[in-house]
Amino acid sequence: MMFYIVLINLFLLFSLSYSLFRLNDHILISLLSVCLISLVFFSFYLYQKRIKPISAIIESIKDFLKTHSLQKIIPMKGDKEINFIINNLNKMMLELQAFKSFHIDQVVDERNKSNAVMNTISDSVLLIDSSGEVIHHNLKALGILKIELKTKGFTISDIKNEGLLNLINDVINSKEQKGNIEFENKDDRKFYLISFSKFRIPSIKKDGIFFVMRDITVEKEIQKTKEDFFHMITHDMRAPLSTIRGYLEIIFSDKNTSEKYSRYIENINYSVNKLAGMIDDILNMTKLEGKRFPIKKEPIYSKELAERVILSQKLIAKLKEINLYIDKDFEDITFISDNTLLERVLINLVGNSLKFTPKSGEIKIGCYNDNEKVYFYVSDTGPGIPEDKRKSIFEKYVQMEEHREMGFGLGLAMCKSAIENLGGEIWVESELGKGAKFIFNLPKEKGT
Amino acid sequence: MKKILIIDDSVEFKEMICDYFQIIGYKVEKADNGTDGFKKALDTEKPDIIFLDVMMPDLSGIEVLRRLREEEKTKNIPVLILTGSNFDSNMDKLFKMESNCRDFLSKSISLPILAKLVKNIIGE
């Protein structure tokens, strides 16, 4: 159509120029009129079929961008090309609208779900970014953080609980990626376990830190009751036990005791010491776990320590016909640590080996050092420890499952706690069927 | 002969300590509670060292320790805390702050070690 109109106009213009050249008035006027009429006609056509539909398209796109929904479809009132555009634009906007609403519904669903979860759990939840902007939180968190409920977003500077604010700032500034911190809240006198973990939030190109604050006041109280109970029992047990031990030592030192009785006394002595050691371990365990153990710093002479341990266990070794001895390349090192605690650790390790090493086996205690650390080991010729058990044996009461008859399984857990409190590590190396070697190290604070 | 004063409400433990240290050549005086112990430290022949329990029915060990320090006659007597208690680091610190408290020991300490300690502090 357009092509024809343009063709007619070109023809008219050509005729016009020709008649001008010939100066024929009549022809000129009639040609001009035809030219004008066709121009009017052309403009009208252009307006109806192109300009009007294009404005409709623009309006519709503007609407869509504003509301994200197609209010009404664009009418197909243009010419062929314009209608092609309109048709496809309508289709695209409809599809986009459907896609968007589907996704928004999904997001809203997820958000409602997570909000429901977050507001139902008894823990406080807080998500902030590394600049301190609060991204998400639950209602419970507002209470403990002392933030007023506002409609707009807030930052951590709105946190009125000073203790917690300091803690959060410390976490933001620390390099730790995740961790647990125990926190005593001055406001409600409750204890909280605050766990945090950091992660990258791609949409805002910042690091996020997620906090979960759990009220552990009741656990603390139970722990306290448990400790008080142990405290009471052991306090009452210690005096009579120490009395028995004391008199045994007096009898021991008496040269007149007969051969027969001295063997009985030796056994009583071993048993009393074992009982006293067990009481100490229970107590040490609760203390060590609470990090309230008064660790002594005294000079340790490694050989003397090992000799004491062997002396205390030699009765059982003899009865089981096990060769318990100090390894030949034992290095006698002086360093600073807690004597009593180390003795308990070694006694537990040797006691453990004595339990599992069969008759006429071998147990040896070794010691060596490098520039930074002192190493001790207790190696036996027992059945060994399978690879999947080498970590779990250091957990509390684990032994109960496997060797129920062998005791209450606190020994190795106590060793781990003690060594870690002394700043070292403990682990076990083993070859099944050939034996196990328990090794621990300690930082070497040189003796003065 | 050096003199030890033991202040403890546990009769059997006190008796045993008394027997042991008498055998190895010390003179031992016994007191059943804090008040009695404080009086004996002050009134009788001055002890060279005091073994002190922590939990006692009348005066606590720390209270006895404070009173001993306030008196001119007793303030320089070395004191060893011997307790059946499950002492923690706070208690340890509290006692060590007192000037004449030499050590904080568990009642389960072996006697020869205790004897060695006493010998190091006051001699035989």
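Just so you know, all these numbers are worked out from the coordinates, no wet-lab data involved. The shown structure was predicted, so the numbers you read here are calculated from the model rather than taken from an experiment. Counting neighbours? That spans all protein chains shown, and the Cβs are built from the backbone with ideal geometry, glycine included.
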Computed on Cα atoms only, the convex hull of segment A:2-98 has an orientation-averaged projected area in nm² of 7.1 nm²
For segment B:25-124 the trypsin sites (Lys or Arg not before Pro) that pass both the DSSP coil test and the at-most-12 other-Cβ-within-10 Å test are B:K73, B:K75
Counted neighbours (other Cβ, 10 Å), sorted fewest up, put B:T74, A:T225 in the order A:T225, B:T74
Mean projected area, convex hull of alpha-carbon positions in chain B, reported to one decimal in nm², is 6.7 nm²
Over chain A, the sum of -39500 (n - 2.57) across DSSP H runs of at least four, divided by residue number and rounded to 500 deg cm²/dmol, gives at 222 nm -18500 deg cm²/dmol
Counting other chain Cβ atoms within 10 Å of each Cβ in B:2-10 and taking the mean gives 1
Partner shielding of B:16-22, as the mean number of partner chain Cβ atoms within 10 Å, equals 3
With the convex hull built on the alpha-carbon atoms of segment A:123-215, volume per residue in Å³ sits at 88 Å³
Placing one equal point scatterer on each C-alpha of chain A and summing with Debye, one gets log10 I(q)/I(0) at q = 0.10, 0.11 Å⁻¹ equal to -0.94, -1.04
Between A:N256 and A:M232, the FRET efficiency computed from the C-beta separation at R0 = 41 Å comes out, to the nearest 0.05, as 0.55
The distance between the Cα centres of segment B:108-124 and segment A:227-285, in whole Å, is 18 Å
The size of the Cβ-based charge dipole (Lys, Arg +1; Asp, Glu -1) of segment A:123-215 about the Cα centre, to the nearest 20 debye, is 260 debye
With Cα coordinates, the longest principal axis of chain A makes an angle with the long axis of helix A:80-120, in degrees rounded to 10, of 30 degrees
Surpassing 31 Å at the alpha-carbon level, of the pairs A:K226/A:K314; A:K198/A:K220; A:K113/A:K226; A:K100/A:K160; A:K206/A:K287, are A:K226/A:K314; A:K113/A:K226; A:K100/A:K160; A:K206/A:K287
For A:K205, the aspartates and glutamates lying under 16 Å Cα to Cα, once residues fewer than eight places off in the same chain are dropped, come out as A:D129, A:E133
For chain A, the dipole about the Cα centre with charges only on Cβ (Lys and Arg +1, Asp and Glu -1), to the nearest 20 debye, works out at 1420 debye
A student applying the Cα gyration tensor rule (rounded when a/c is under 1.5; otherwise prolate if a/b is larger than b/c, oblate if not) would label segment A:214-328 prolate
For chain A, longest principal axis from Cα atoms; helix A:217-253 axis from its Cα atoms; angle between them, nearest 10 degrees, is 20 degrees
Taking GluC sites (Glu not before Pro) in a DSSP loop with at most 15 other Cβ atoms within 10 angstrom as exposed, one finds the longest site-free stretch of chain A at A:1-147
Rounded to the nearest 0.05, FRET efficiency between A:I58 and A:L10 (Cβ-Cβ, R0 35 Å) equals 0.65
In debye to the nearest 20, the charge dipole size for segment A:83-150, taken about the Cα centre with +1 at each Lys and Arg Cβ and -1 at each Asp and Glu Cβ, equals 120 debye
Filtering GluC sites (Glu not before Pro) in segment B:1-81 by DSSP loop and by at most 10 other Cβ atoms within 10 Å leaves B:E45, B:E72
Restricting to Cα pairs under 8 Å and 6 or more apart, the percent relative contact order of chain A works out to 8 percent
Each residue of B:101-110 has, on average, a number of other protein chain C-beta atoms within 10 Å of its C-beta equal to 5
So for segment A:246-401, using the alpha carbon gyration tensor with a ≥ b ≥ c as root eigenvalues (a/c under 1.5 gives rounded; past that, a/b versus b/c decides prolate or oblate), I'd call it rounded
Those trypsin sites (Lys or Arg not before Pro) from segment A:146-245 that are DSSP loop and have at most 11 other Cβ neighbours within 10 Å turn out to be A:K150, A:K152, A:K175, A:K186, A:R189, A:K205
When the charge dipole of segment A:1-126 is computed with +1 at the Cβ of Lys and Arg and -1 at the Cβ of Asp and Glu, the Cα pointing farthest to the positive end, of A:V107, A:L65, A:N9, is that of A:N9
Assertion target for B:V64, B:V11, A:V34, ordered by fewest C-beta neighbours within 10 angstrom first, is B:V11, A:V34, B:V64
Longest principal axis of chain A (C-alpha) makes with the long axis of helix A:259-289 (C-alpha) an angle, in degrees to the nearest 10, of 20 degrees
In whole Å, largest first, the alpha carbons of segment A:307-391 cover along the principal axes 37, 33, 24
Quarter of the surface of the C-alpha convex hull for segment A:151-283, i.e. direction-averaged projected area in nm², equals 14.2 nm²
